[in-house]
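The values are calculated or read from the model by the stated rules, or taken from the named source; none is laboratory data. None of the values given here were measured: they were computed from a predicted structure. Methodologically, a virtual Cβ is constructed for each residue, glycine included, from the backbone with ideal geometry; neighbour enumeration extends over all protein chains shown. For the accessible areas, the whole protein counts, side chains as well, though only heavy atoms, and no ligand, DNA or RNA atoms are used. Shrake-Rupley method; radii C 1.70, N 1.55, O 1.52, S 1.80 Å.
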Protein chains: 2
Amino acid sequence: MNHAVKFVDVENMARWIQREGVENIITGMVDYLEADYREWERFDKIPRVASHTPFGVIELMPTSNGKEYSFKYVNGHPSNPARGFQTVTAFGVLADVDNGYPTFEAEMTLLTALRTAATSAMVAKHLARKDSKRMAMVGAGSQSEFQALGFRGVMGIEDITIYDIDPEAVEKFKRNLEPLGFNITACSSVDEAVLGADIITTCTADKAQNQILAERHVAPGVHLNAVGGDCPGKTELESSILDKSKVFVEFPEQTRIEGEIQQKPEDFPVVEFYQVLTGQATGRDDDEQITLFDDVGFAINDFSALRYLRDSVKGTDLESEIDIIANPDDPKDLFSLVANVPSLL
Amino acid sequence: MNHAVKFVDVENMARWIQREGVENIITGMVDYLEADYREWERFDKIPRVASHTPFGVIELMPTSNGKEYSFKYVNGHPSNPARGFQTVTAFGVLADVDNGYPTFEAEMTLLTALRTAATSAMVAKHLARKDSKRMAMVGAGSQSEFQALGFRGVMGIEDITIYDIDPEAVEKFKRNLEPLGFNITACSSVDEAVLGADIITTCTADKAQNQILAERHVAPGVHLNAVGGDCPGKTELESSILDKSKVFVEFPEQTRIEGEIQQKPEDFPVVEFYQVLTGQATGRDDDEQITLFDDVGFAINDFSALRYLRDSVKGTDLESEIDIIANPDDPKDLFSLVANVPSLL
C-alpha cells in the first residue's frame, strides 16, 4: 500500500554536505540553476505566499516546470537568534505533476543556505568583473560561510573582509573558514570592509528599512550582492545606490514587494537575470559599471536545489523513505485502509 | 541539535482511525471545526494557491489564527483512479507563529477524507431539517464512506440511497458499510436515489461542467451537500438549483473561483457559514427551504483537523518525530552542523 516518497532528513543532509563538501555542492548546484533559469519562461511563477505577523513571516514558495512541481516552507524571524532559534528554517517537497504525488521531501534549512549561496555565486559569475579578487561581507550570520564558500568555488575568491555589529559572529566566521584556507580580515566598520573590494555582499537579518550600505561605500566597477533585503519593510541599501547601479532581479513581481527596489516606484528599471543567461539582455556593460543583484530568493532556486539534492543522493545511504502518502490497492477504496478487520469487530 | 517535529505517518493514521473509529473522530473534529469557525474573523484567509495542468491541480492551503499556522499540500487528478492512483492525496503541517518553526507533520489523504466529512456533517447539523432521516448519495468514490459515517455520527442518519455510474464502486460502498449497520439501497439512477431523500450529497470526481443533479432532483426542504464542485471548470449542479436555494459557503473569495457558484455572476448572494455559528446570519429559514452547502474545502478545515489529530495522538504511540528542522546550538552558526571535525581534515 505504500507510495515511496524519498526523504533526506537533517542528519543525512549534514552527512551529504560533509561528504561532498560545500564548495563542490554549490558548484554543481550552479549548473542545475543555470539549466532551470534558461527554461525560465516554462515555469509557473507567483510571488511567494506570505503570512506576516509582528514577529516574522511564514512563506510557501511553489513553482513548476510542467513536469515537476516543488514548494518550500520557510520562515523568517529576525528576533529568533536572541531567543536561541534560527532566523530561517525550511523544508521542501518535489512532486510529479502528471499524477500530483509527492516524490521527495527534504530538510531545507541547510539546503536553503546552499542554494542562496549558489544563486549569489551564479549571478556574480556572470556580472562581476572577471578579475575580481576580494569580497567584502557585511553580516556574519548563518548564511555568511556558505556565501564565502560559494564565491570561492565558483569565482575563486579567497580574500575576504568582513564586518558585523556582533564581533562574536565575526569570530565564528573566522573560526569556521580560516582552517579552510581563506584569508579573512575582520573590520571595525563597513567603510573599512568595503575599501577596495571588487564584490560586496550584504546579508543581515534585521527586519527594518536599514542603510547597512551607503552610496559612498559603493565604488565604480563593484558587483553588489544584496542578499538581506528580502521582505516588505526589510532593506539594506541607501536608495541612491539603486540609481547608480544596473539592477538585476530574479522575478520582478516578487522583488518589487520584497527587495531593495521596494524603495523605488513600480516602474524602476530592472533586468531579469534569466535574460542574461538566454542572451535576451546584457549583463555588465563595462568595468566601471556597478552591477547590483537584488536577491530575495525565488521558488525556482529551491526547485533547482531540490532536484540537485535528489539526484545526488539517489541510491545512496543518504536517502530514506517517508510514509506520508496513503495508497490503497483500489484507488476508489481509501476506506479499506481503516476498515476494521471483520474478525476483530 | 534536534528540534522535535511530531509526526503521524500513514500507518499510524490508519491505526488511529481504527482505534478511535471514524464516527467518533468526525464527531470530535466537528467540535474543533465549530470552535475555529466561531473565530473565523481572526484567521489569515486566502484562496488556495493552485498550480493547474491539463491533468489536474496541485494546491497549497495555508492559514493562521495568529498563534498557530497550518498548510496542506493536496492534489486533485480526476484521471488518476483509471491509472491506479488516487484522485486526491495530501499531507500537512502545523507551525508555531511565534518563532516560525514547524511543530507537527501528518499524512492528510485519510485526514482530508475525515475533515471533509466532518465539515459536511457540521454544516448539515445546522442547516438540514432536524427530522432528516435519509441521505441520497451521488458518487461512491473514496470520500463516500466517510460522508456516510460523518452523517451517522453527527445527524444519526442510517438510511442511505446511493448511485454511481460505476456499479463496482457502489458494491465497494455496501461491502464497507453494511457490516457497520447501515441500511443501504443501491439505485440505478439519480432520480431513484434522490426520491424522498432529506439530504442529498453529491461527491463525484470528473473535472467537467457536469449536471450530476438537475433541478427536478431537488425537492423543497432538502439540504444539499454539494462536495464535488471544487475546482475551476468542475461543477455538479444544474445552475437553476442555485437560484432555488439558500446558498452557504466557506470562504466566498475561494468558492466563487472553485465552487458551484462559479456558474453565477460575482455578486450571486451567498451566506458565509461561520456567520450562522456566530449568530450574524440565519441558517435554514423554514422547512420548505432548500439549503445548499457549496463545499469546496477551505484551509481552516485542515487547520482544525490537524489540531484535533495532534491533540488526540499526543503522548501516545501513534506519534513519532521527524527530523526536518536543523537546529544548531548557536543559532547564528548553522555552518557548525556541516563543518568537518578538524581531526578528520
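Put a dot 7 Å past each Cα toward the Cβ at B:S188 and A:S239; how far apart are the dots in nm? Roughly 7.7 nm, to one decimal. Mind listing the long-range amide H neighbours of A:Q209? Cut-off is under 5 Å, sequence gap 5 or more, other chains count too, H placed in the peptide plane at 1.01 Å from N. Counting only residues 5 or more places away or on other chains, the set is A:T235. A cut-off of 5 Å between modelled amide H atoms, ignoring neighbours fewer than 5 places along the same chain, links B:I290 with B:G221, B:K246.
Rounded to whole numbers, the Karplus 3J(HN,Hα) couplings from phi for the range A:61-76 are 10, x, 7, 7, 9, x, 10, 10, 10, 9, 9, 10, 8, 8, 10, x Hz, using 6.51 cos²θ - 1.76 cosθ + 1.60 with θ = phi - 60°, and x at Gly and Pro. If the chain linking B:H126 and B:D206 were pulled fully straight, counting 0.36 nm for each residue of separation and taking away their Cα-Cα distance, it would gain 25.9 nm. Across peptide A:106-116, the average count of Cβ atoms from other chains found within 10 Å of a residue's Cβ is 3.
Counting only helical runs of four or more DSSP H residues, what would the 222 nm mean residue ellipticity of chain B come to if each run contributes -39,500 (n - 2.57) and the total is spread over all its residues?
-9500 deg cm²/dmol
Under 15 Å of direct C-alpha separation, and excluding same-chain neighbours fewer than eight residues apart, B:K67 reaches these aspartates and glutamates: B:D36, B:E39, B:E41, B:D44, B:D96, B:D98. Compared with its chain on its own, the range B:6-23 contains the following residues whose accessible area drops by 40 Å² or more in the full protein assembly (probe 1.4 Å; ligands, DNA and RNA excluded): B:V10, B:Q18.
Projected label points at A:S79 and A:D96, each 7 Å from Cα along the beta carbon direction, are separated by 4.6 nanometres.
Surface composition of chain B: carbon plus sulfur atoms contribute 49% of the solvent-accessible area (1.4 Å probe, protein chains only, all chains present).
Which whole-number value in Å² is the accessible area per residue of the protein assembly as shown, probe 1.4 Å? Could you put the intermediate results ahead of the total?
Working: 24060 Å² over 690 residues.
Using a 1.4 Å probe on heavy atoms only, each residue of the protein assembly as shown averages 35 Å².
Between A and B, buried accessible area from a 1.4 angstrom probe totals roughly 6700 Å², ignoring ligands, DNA and RNA. Of all aspartates and glutamates in the structure, the ones whose alpha carbon falls short of 12 Å from that of B:K45, not counting any fewer than 8 places away in one chain, are B:E250, B:E253.
Could you work out the relative contact order of chain B, using alpha carbon pairs under 8 angstrom and six or more residues apart, expressed as a whole percent? Mind dumping the intermediate values first?
Details: 702 pairs, mean separation 74.1, N = 345.
Value for chain B: 21 percent.
Close Lys pairs in the range B:128-296 (alpha-carbon distance under 29 Å; sequence gap of 8 or more, or different chains): 20.
Percent antiparallel among DSSP beta bridges with both residues in the range B:128-296, to the nearest 5?
Working: 1 of 30 bridges.
The antiparallel fraction comes to roughly 5 percent.
Applied to the range B:213-220, the Karplus parametrisation 6.51 cos²θ - 1.76 cosθ + 1.60 on θ = phi - 60° returns per-residue 3J(HN,Hα) values of 10, 9, 4, 5, 7, 10, 7, x Hz, with x for Gly and Pro. Derived scalar couplings between HN and Hα for the range A:224-239 equal 10, 9, 9, 9, x, x, 9, 7, x, x, 10, 9, 10, 10, 4, 3 Hz in order, rounded to whole Hz, by the Karplus curve 6.51 cos²θ - 1.76 cosθ + 1.60 (θ = phi - 60°), x for Gly and Pro.
For B:E178 and A:K314, a Förster radius of 45 Å and the Cβ-Cβ distance give a FRET efficiency of 0.45, rounded to the nearest 0.05. Close amide H contacts of B:F104 (hydrogens built in the peptide plane, cut-off under 5 Å, sequence separation of 5 or more or a different chain): B:K6, B:L94. Within 10 Å of the Cβ of each residue in B:86-98, the mean number of Cβ atoms contributed by other protein chains is 6.
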